[in-house]
Amino acid sequence: MKSLRGRLMLGALLGALVVTGSCGVLLDYLVQRDMILRFDAALADQARTLGALIEYDEDGYQFEWDSESRDLPQWFLIRKPDGSILAGSRALRSLELPQPGASGEAIVDFELPDGASARAAVLRVAPRQDAEATQTAQPVTLVLAASTSTLDATLSRTRWLIALAALAALGLSLLAIALIVPGALRPLRSVATQIENLRVDTLHALDASGAPRELQPVVHQLNALLARVEDTLRREKEFAAGAAHELRTPLAGIRAKLELALSRQREPEDHRKLAQSALDISVSMQAIVQNLLLLARPAGTDTPGQREPVDLHDLLREQWQAFAGAATRKEAAMDWDLRAQGLIHAQRHTLQIVISNLLENAAEYVNDGGSIHVATENQAGNVVLRIANTGCNLTPEQAKRVFDPFWRGDESRTERAHAGLGLAICRRVATAMGGSIEASVTQGRFTVTLSLPAAT
């Protein structure tokens, strides 16, 4: 059965059936036991009363019965110690009668001469001793039987009443289950309806206010998953829009150069210049595509290549040579503070991408007459690199978004030939190498902090 409602109702019904049946059987047993015990107790009392009529005197055993004031039971028998009959019903005299138990008293099932079932009280009774008797009287055996037909009929009616009560209780339980289970499943149906109404373009958190406590973790996990899906979709849209925007400009440039080359007859030298210009644009576009491919890799996956100990200080000075001219033209001061043990366990090529991007950003956005500060230190098994430059116009809130692909918060950045992918690539590579990267802005000073595992 695939329906949760059906499973719950079937399980509850089986549970109610087991409980009701068990209670019915137990109640029938207790009622039957109580009624039989009462029947036996009354039979034993009657036997004791009958035994009180037995006397022993100088003439022997006597059974004192006053016919005017007493009605003798229908089925009884009194035997003397020698086995002879003192008194009793004629029909019982020829039967093999049960003997009393070790305590001198027993209640046993018995079959009457007519075949009817009965219960018999068997007692060993000490007769009343007459003062003039010269010998001590021995106990006699008294058997008193009573038909159980009335008891059996009462027990049968009681058993039927209990069965009917159990069936009625089971029917009421089924009705209660049919009313309660749908109501109990209403929060689950509400959540299911919310999930069913979700659309890719209208993702929103599920309402967990009415969900029971057992369902709260499921709703919370679904909301967390929806938030991640929504964030992924948003990033995909931004990535696609940004990629299209960044590729559109160089493609338009190449098209313009080709259309210009084909617009009229030109000298070979002019065609060479147009071809070189189109090549430069295509090289720039190829770099953008490579960066996009790097960003498109799943988060947390490593880049290809073997890791090896890399001297961070040597790599910093090597990469700085490509950007030193730009800093010099701005008359920006370069401050080196390389005091840490600089060996890093990393892939040299990918680490070179990170260092190149960070130094290029510093040289590109430092203000005229400003300064660039590069420092390293060792912290808890990591090598920490900080690269800072003055002249930043970002706010601390905007600095938190500098690692988002295609994001440009500084208006001056829109005038430069950057796609907004450099720092996003740095974060992806740093994470893949088991490190971390952060950015902050303090009084116009933009600082990037890169932490990578040190080589052991």
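The values are calculated or read from the model by the stated rules, or taken from the named source; none is laboratory data. Predicted, not measured: the structure shown is a model, and the values here were computed from it. Reconstructed Cβ throughout: ideal geometry from the backbone, glycine too, with neighbour counts over all protein chains shown.
Say we look at region 347-385 and pick out the residues that are in a helix (DSSP H, G or I) and in contact with a Phe, Trp or Tyr (Cβ under 6 Å, 6 or more places away or on another chain); which of these is farthest from Glu308 (Cα to Cα)? Don't jump to the end; show me each part of the working.
Start the filter on region 347-385 by keeping residues that are in a helix (DSSP H, G or I), which leaves 348-365.
Filter once more, so that each one left must be in contact with a Phe, Trp or Tyr (Cβ under 6 Å, 6 or more places away or on another chain): 359-360, 363.
On the way: Leu359: 22, Glu360: 24, Ala363: 28 Å.
Once the filter is applied, the top-ranked residue is Ala363.
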Problem - Residues of region 90-130 classified as in contact with an Asp or Glu (Cβ under 8 Å, 6 or more places away or on another chain) and in a loop (DSSP other than H, G, I, E, B), total - result: 2
Fill in the blank from the handout: Given the conditions (1) within 21 Å of the chain's Cα centre (by Cα); (2) surrounded by 12 or more Cβ atoms within 10 Å (Cβ to Cβ); (3) more than 30 Å from Ser22 (Cβ to Cβ), every one holds for Leu123 apart from (1)
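Here is a yes/no grid of residues against (1) assigned by TED's automatic domain parsing to the domain that holds Thr136; (2) surrounded by 16 or more Cβ atoms within 10 Å (Cβ to Cβ); (3) under 14 Å from Val143 (Cα atoms); (4) not hydroxyl-bearing (Ser, Thr, Tyr):
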residue: Ala44; (1), (2), (3), (4): yes, yes, yes, yes
residue: Arg48; (1), (2), (3), (4): yes, no, yes, yes
residue: Gln62; (1), (2), (3), (4): yes, yes, no, yes
residue: Ile78; (1), (2), (3), (4): yes, yes, yes, yes
Completion exercise
If you go through Leu161, Leu170, Leu188, the only one that is touching a Ser or Thr at 6+ places or on another chain (Cβ under 6 Å), surrounded by 12 or more Cβ atoms within 10 Å (Cβ to Cβ) and assigned to a helix (DSSP H, G or I) is Leu170
Problem - Hits in region 84-103 (condition: surrounded by fewer than 12 Cβ atoms within 10 Å (Cβ to Cβ) and either modelled with pLDDT of 85 or more or among the aromatic types (Phe, Trp, Tyr) (or both)) - result: Ser84
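Collect the residues in region 386-399 that are assigned to a loop (DSSP other than H, G, I, E, B) and in contact with an Asp or Glu (Cβ under 9 Å, 6 or more places away or on another chain), keeping them in residue-number order.
Going residue by residue through region 386-399, those that are assigned to a loop (DSSP other than H, G, I, E, B) are 390-395.
If the condition is that a residue be assigned to a loop (DSSP other than H, G, I, E, B) and in contact with an Asp or Glu (Cβ under 9 Å, 6 or more places away or on another chain), then Gly391, Cys392, Asn393, Leu394 are the ones that fit.
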Completion exercise
Within region 325-346, residues being in a loop (DSSP other than H, G, I, E, B) and out of contact with any helix residue (DSSP H, G or I) (no Cβ under 9 Å at 6 or more places or on another chain) number 3
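Taking Asp109 as the residue in question, decide whether it is touching a Lys or Arg at 6+ places or on another chain (Cβ under 7 Å) and among the acidic types (Asp, Glu).
Working: touching a Lys or Arg at 6+ places or on another chain (Cβ under 7 Å): yes; among the acidic types (Asp, Glu): yes.
Taking the combined requirement at face value, the residue satisfies it.
Restricting the search to region 191-223, which residues are among the hydroxyl-bearing types (Ser, Thr, Tyr) and outside any helix (DSSP H, G or I)? Walk me through it before giving the result.
First pass over region 191-223, keeping only residues among the hydroxyl-bearing types (Ser, Thr, Tyr): 193, 202, 209.
Ser209, the sole residue that qualifies.
Okay, residues lined up against (1) closer than 30 Å to Ile344 by Cα; (2) in a helix (DSSP H, G or I); (3) modelled with pLDDT of 75 or more:
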{"residue": "Arg235", "(1), (2), (3)": "no, yes, no"}
{"residue": "Leu251", "(1), (2), (3)": "no, yes, yes"}
{"residue": "Val289", "(1), (2), (3)": "yes, yes, no"}
{"residue": "Gly300", "(1), (2), (3)": "yes, no, no"}
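Taking the conditions exactly as written (within 28 Å of Leu247 (Cα to Cα) and either at pLDDT 80 or above or small (Gly, Ala, Ser) (or both)), does Val402 satisfy them or not? I'd like the intermediate steps shown before the answer.
Details: within 28 Å of Leu247 (Cα to Cα): yes; either at pLDDT 80 or above or small (Gly, Ala, Ser) (or both): yes.
Yes, satisfied.
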Practice task
Pairs only if they're at least six apart or on different chains, beta carbon under 9 angstrom, first in region 119-140 and within 11 Å of Gly104 (Cα to Cα), second acidic (Asp, Glu) and surrounded by 14 or more Cβ atoms within 10 Å (Cβ to Cβ); list them, first residue then second.
Solution key: Ala121/Asp40; Ala121/Glu105; Val122/Glu105; Leu123/Glu105; Arg124/Glu105
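Of all the residues that make up region 243-277, how many are over 60 Å from the mean Cα position of the chain (by Cα) and of a type in the set (A, V, I, L, M)? So that I can check it myself, show each step before the final result.
Of region 243-277, the ones over 60 Å from the mean Cα position of the chain (by Cα) are 256-277.
Now restrict to residues that are of a type in the set (A, V, I, L, M): 256, 258, 260-262, 274-275.
The qualifying residues number 7.
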